[in-house]
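Below you'll find the structure, written out as structure tokens, and then a few comments.
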Amino acid sequence: MLEEIIIAGFGGQGIMLIGRLIAYAGMLEGKKVAWMPSYGPEMRGGTANCTVIVSSEEIASPVVPNPHSLIVMNKPSLDKFEHMVKKDGLIILNDSLINQAVKRDDVTVIKVPANEIADQLGNSKIANMVMLGVYIKKTEIVNMETIYKALEKGLSSHNRDLLTLNLQALEKGAEIVK
């Protein structure tokens with residue numbers, strides 16, 4: 001089993017948290033993982049992306065030139081990474097902020113109104129957890145329960161009060177996948 005993912009968006013959208021949670025959940029399940037962040041020169045609002053590899057075998061390199069999956073939170077990131085996804089791969093895009101169609105017809109595309117769902121739950125900052133819920137349910141790369149455990153351990157102390165809300169966002173994302 002080998003899953004290579006790129007997660008991309010603006011800084012401040014929780015891109016790195018998605019990647020860390022997938023990697024940590026993989027570790028909790030005894031899988032081999034690699035997580036490599038990449039930041040633009042700006043802080044909040046600049047570009048951010050990370051690659052995550054979850055594998056049953058040793059990982060030779062954290063570099064992912066052609067991921068199987070792309071979780072994309074904004075249009076500039078879709079423009080940058082869409083062409084890299086492997087044929088028959090998966091693109092999960094934040095339909096709230098991306099108003100263009102994916103140009104490829106050789107990948108599965110899941111459009112998620114992540115910001116709207118997050119707003120309905122009461123906090124726009126949890127759109128990333130909606131996207132993560134969709135990804136985990138679709139790929140089953142790790143168990144959803146393991147993501148819950150990773151989230152409990154991975155939230156910083158000043159965000160602990162958001163745990164329940166984040167869990168709700170994960171569940172709402174998972175409900176999107178039929």
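Just wondering, is there one or more residues in region 70-83 that are closer than 14 Å to ALA8 by Cβ, acidic (Asp, Glu) and either without any contact (Cβ under 8 Å) to a residue 40 or more places away in the chain or out of contact with any strand residue (DSSP E or B) (no Cβ under 9 Å at 6 or more places or on another chain) (or both)? It would help to see each step written out before you state the result.
Applying the first criterion (closer than 14 Å to ALA8 by Cβ) to region 70-83 yields 70-83.
Adding the requirement that they be acidic (Asp, Glu) leaves 79, 82.
Of the ones still in play, those that are also either without any contact (Cβ under 8 Å) to a residue 40 or more places away in the chain or out of contact with any strand residue (DSSP E or B) (no Cβ under 9 Å at 6 or more places or on another chain) (or both) are 79, 82.
Yes, that holds for at least one residue.
Starting from residues that are among the charged types (D, E, K, R) and exposed (fewer than 13 other Cβ atoms within 10 Å of the Cβ), keep the ones in region 17-46 and report whichever is modelled with the lowest pLDDT. Before the answer, list the steps.
Step one: filter region 17-46 for residues among the charged types (D, E, K, R), giving 20, 29, 31-32, 42, 44.
Pick out the ones that are also exposed (fewer than 13 other Cβ atoms within 10 Å of the Cβ) and you get 42, 44.
On the way: GLU42: 55, ARG44: 58.
So the residue we want is GLU42.
Name the residues in region 137-151 that are closer than 22 Å to ASN115 by Cα and either of a type in the set (D, E, K, R) or without any contact (Cβ under 8 Å) to a residue 40 or more places away in the chain (or both), would you?
Filtering region 137-151 down to residues closer than 22 Å to ASN115 by Cα leaves 137-139, 144, 147-148, 151.
Once the filter is applied, which keeps residues that are closer than 22 Å to ASN115 by Cα and either of a type in the set (D, E, K, R) or without any contact (Cβ under 8 Å) to a residue 40 or more places away in the chain (or both), region 137-151 yields LYS137, LYS138, MET144, TYR148.
If ASN66 meets every condition in (1) loosely packed, with under 13 Cβ neighbours inside 10 Å; (2) modelled with pLDDT under 95; (3) of a type outside the set (Asp, Glu) apart from one, which number is that one?
The number of the failed condition is (2).
Condition check: among the charged types (D, E, K, R), out of contact with any helix residue (DSSP H, G or I) (no Cβ under 8 Å at 6 or more places or on another chain) and surrounded by 15 or more Cβ atoms within 10 Å (Cβ to Cβ). Does LYS125 satisfy that? Steps first, answer last, please.
On the way: among the charged types (D, E, K, R): yes; out of contact with any helix residue (DSSP H, G or I) (no Cβ under 8 Å at 6 or more places or on another chain): no; surrounded by 15 or more Cβ atoms within 10 Å (Cβ to Cβ): yes.
No; evaluated as a whole, the condition is false for this residue.
Please specify each residue of region 152-166 satisfying the condition of being surrounded by fewer than 21 Cβ atoms within 10 Å (Cβ to Cβ) and either touching a residue at least 24 places away in the same chain (Cβ under 8 Å) or within 15 Å of the chain's Cα centre (by Cα) (or both). Step through it out loud before you land on a result.
Filtering region 152-166 for residues surrounded by fewer than 21 Cβ atoms within 10 Å (Cβ to Cβ) gives 152-165.
LYS153, GLY154, LEU162, LEU165 - these are the residues of region 152-166 that are surrounded by fewer than 21 Cβ atoms within 10 Å (Cβ to Cβ) and either touching a residue at least 24 places away in the same chain (Cβ under 8 Å) or within 15 Å of the chain's Cα centre (by Cα) (or both).
Could you give every pair whose Cβ atoms fall below 6 Å, whose first residue belongs to region 25-39 and is within 19 Å of LYS137 (Cβ to Cβ), and whose second residue is outside any strand (DSSP E or B), counting only separations of at least 6 or pairs across chains?
These pairs meet every condition: ALA25/VAL142; ALA25/THR146; ALA25/ILE147; ALA25/ALA150; GLY26/VAL142; LEU28/THR146; GLU29/VAL142; GLU29/THR146.
The values are calculated or read from the model by the stated rules, or taken from the named source; none is laboratory data. These numbers come from a predicted model, not from an experiment. Using ideal geometry, Cβ is built from the backbone for each residue, glycine included, and neighbour counts are taken over all protein chains shown.
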